[in-house]
Amino acid sequence: NKYYCRACLSFVGKLSQLSYKIKPIITRAKIDYELSSSQKKIAKEVFLEEKEIYVKAVCGAGKTECVFPSIEKSLQEGKRVGFAIPRKEVVKEIYERLKEVFDNVKIVFVYGGHHDDLDGDIVVFTIHQAYRYVNAFGLLIIDEYDAFPFKGNKTLFNFLQKTCNRKRVYLSATFLNEELENKKSVEIIAEAVNN
């Protein structure tokens, strides 16, 4: 005698019970290269934005590097970081990358079939796992925001919205101009490299 939603029936399993608050962590991103002037400018804008920002750049332009200062700030302020990604292959890649860059931080990755440990200071997860993380993040980064299976999926969108009502950063190479209307957005401009 309970109401249920057919769209949500397949989303069953352990929930995290996490708060967005964690013990503050003093950390610095360990990278052995210099960000381009465009990346530095975008990183600063993302850092200063308090609510929501869209970052557009071609693949390989360094969108992920542009969120490192915001990740540092969130962890130092005692706020858990979520990194939502549509595909599990990319979850593993981002997890490995973040482990190298933030080596004194507990980072976990979660996707279908891999969800034994849900608790990290940074949680990298497929969008389908968002239902596990109600109000769990002080900073949420959504990569490939406009890609399948997320785009147009109201159920996944609602789950993701419930994970963080603080700061959200949306990353994509393929935002349409109309999707960015009336939203704070920035774009990484490709720069020539001098050798």
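The values are calculated or read from the model by the stated rules, or taken from the named source; none is laboratory data. Everything numeric here is computed off the predicted structure, so don't read it as measured data. Here Cβ is always computed from backbone atoms with ideal geometry, including for glycine, and neighbour counts include all displayed protein chains. Quick note on the areas: whole protein, heavy atoms, side chains included, nothing else; ligands and nucleic acids left out. Shrake-Rupley method; radii C 1.70, N 1.55, O 1.52, S 1.80 Å.
Calculate the length of the line joining the C-alpha centroid of the range 146-177 to that of the range 79-110, in whole Å. Rounded to whole Å, the Cα centres lie 17 Å apart. In order along the range 132-144, the phi-based Karplus estimate (6.51 cos²θ - 1.76 cosθ + 1.60, θ = phi - 60°) of 3J(HN,Hα) comes to 6, 10, 6, 6, 9, 10, x, 9, 10, 10, 10, 8, 6 Hz; Gly and Pro are listed as x.
Separation of the range 121-144 from the range 63-78 is 15 Å, based on Cα centroids. Could you give the longest part of the chain that holds none of the GluC sites (Glu not before Pro) found in DSSP loops with at most 12 neighbouring Cβ atoms within 10 Å? No qualifying site falls inside 51-180, the longest such stretch.
Here the chain carries DSSP beta bridges of which approximately 5% are antiparallel, counting only pairs with both residues inside. Helix content alone sets the calculated 222 nm mean residue ellipticity of the chain: runs of n ≥ 4 DSSP H residues at -39500 (n - 2.57) each, divided across all residues, give -7000 deg cm²/dmol. When the trypsin sites (Lys or Arg not before Pro) in the range 22-121 are filtered for DSSP coil states and for at most 15 other beta-carbon atoms within 10 Å of their beta-carbon, the remaining sites are Arg28, Lys30, Lys51, Lys106.
Rolling a 1.4 Å probe over the protein heavy atoms leaves Cys66 with an accessible area of roughly 0 Å².
Treating the angle as unsigned and between 0 and 90°, give the value, to the nearest 10°, between the Cα long axis of helix 88-101 and the longest Cα principal axis of the chain. Tilt relative to the chain: about 50 degrees. Longest stretch of the chain clear of exposed loop sites (chymotrypsin sites (Phe, Trp or Tyr not before Pro), DSSP loop, at most 16 other Cβ atoms within 10 Å, sites excluded): 34-195. Average accessible surface for the chain: 56 Å² per residue, computed with a 1.4 Å probe over protein heavy atoms with every protein chain in place. With both residues required to sit in the range 55-147, DSSP beta bridges show an antiparallel share near 5%.
For the set Leu48, Leu180, Leu98, Leu15, the ranking by accessible area, highest first and with no ligand, DNA or RNA atoms included, is Leu48, Leu15, Leu180, Leu98 under a 1.4 Å probe. Segment Leu48..Lys162, full-extension length gain: 38.8 nm, with 0.36 nm per residue of separation and the alpha-carbon distance subtracted. Placing dummy labels 7 Å off each Cα toward the beta-carbon, the span from Asp119 to Lys92 is 2.7 nm.
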